[in-house]
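The values are calculated or read from the model by the stated rules, or taken from the named source; none is laboratory data. Keep in mind the model is a prediction, meaning the values are calculated, not measured. Every residue, glycine as well, gets a Cβ built from its backbone with ideal geometry; the counts of neighbours run over all protein chains shown. Surface accessibility is based on the protein's heavy atoms, side chains included, excluding ligands, DNA and RNA. Shrake-Rupley method; radii C 1.70, N 1.55, O 1.52, S 1.80 Å.
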Amino acid sequence: MLSKLEETAFIVQARMNSQRVPGKMLRPFNGTTLFGLVLDKLLASSIIPKDQIYASVYEDELIHEANFVRNIGVYQRSYKSANNDNSLKTIFEWHDKLPFKYVIIISACNPLLKIETIDSFVKQFIEQEEENLFGVIKKKQYYWNKEGALVTPWPEGQTIMNTKAVEPTYEAAHVLYASRMDLIAQDRFMGDFQAPGGIKLFEMDELETFDIDYEWQFNLAEQLYKIKL
């Protein structure tokens, strides 16, 4: 019987058609690239089996970087997959083609993510009973909805806003995800987002989740990376 680790694929999903930061996956970043950086972290893992790492990519230059430069397995995405932003089954078209029960997806857009954090995430997932895990950021803050109504429960006995007393909430980090693969065929991922406890949460350091969506974030991330290196 296979262990949970043996049944898990580790996938970096990437594409070159970013509109806000063109070609960001292979742009020079402190002597490497965002794509190369995350692949090298996975190869340096003390837990992840090397032959279970896949780059899910469409463009030839990404295939070359993963397969020929680093000898990492490649799932070649279709053009449709690389240009879709709404359908899980289309974006994650490997869900019924790779021979694994589970998948852990690691974002390539977060260069400050540490390999130790990736390993901790993997370790928790393979040791827990739950079949999903999602990286989140703990927040102790006040929030309002679009109608201007406070949605954060007001701390009992407080007469002023006090972030020390407020009940924590958890923000999606969009960095690390673990799920059963067969859920994707149902256009579901990880679990039931509406049910309390339907998604098992993995608390992360906010700096490690710094995401690159805009030019200024690319430049700032490179400076932060140099400081943290």
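What the table shows:
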read-out: Answer residue from the range 31-80, given it is of a type in the set (S, T, N, Q) and touching a residue at least 24 places away in the same chain (Cβ under 8 Å) and is surrounded by the most Cβ atoms within 10 Å (Cβ to Cβ) among those; value: SER56
read-out: Criterion violated by THR90 - all others in (1) without any contact (Cβ under 8 Å) to a residue 40 or more places away in the chain; (2) exposed (fewer than 14 other Cβ atoms within 10 Å of the Cβ); (3) of a type outside the set (Gly, Ala, Ser); (4) on the phi < 0 side of the Ramachandran plot satisfied; value: (2)
read-out: The range 173-229, subset basic (Lys, Arg) and over 19 Å from the mean Cα position of the chain (by Cα), residue most open to solvent (accessible area, probe 1.4 Å); value: LYS228
read-out: Considering residues of the range 1-30 that are among the small types (Gly, Ala, Ser) and without any contact (Cβ under 8 Å) to a residue 40 or more places away in the chain only, the residue least open to solvent (accessible area, probe 1.4 Å); value: GLY23
read-out: Hits in the range 178-206 - residues which are touching a helix residue (DSSP H, G or I) at 6+ places or on another chain (Cβ under 7 Å) and either within 19 Å of PHE121 (Cβ to Cβ) or part of a strand (DSSP E or B) (or both); value: ALA178, MET181, PHE189, PHE202, MET204
read-out: From the options LYS41, LYS101, residue that is at pLDDT 95 or above, more than 21 Å from VAL21 (Cβ to Cβ) and of a type in the set (D, E, K, R); value: LYS101
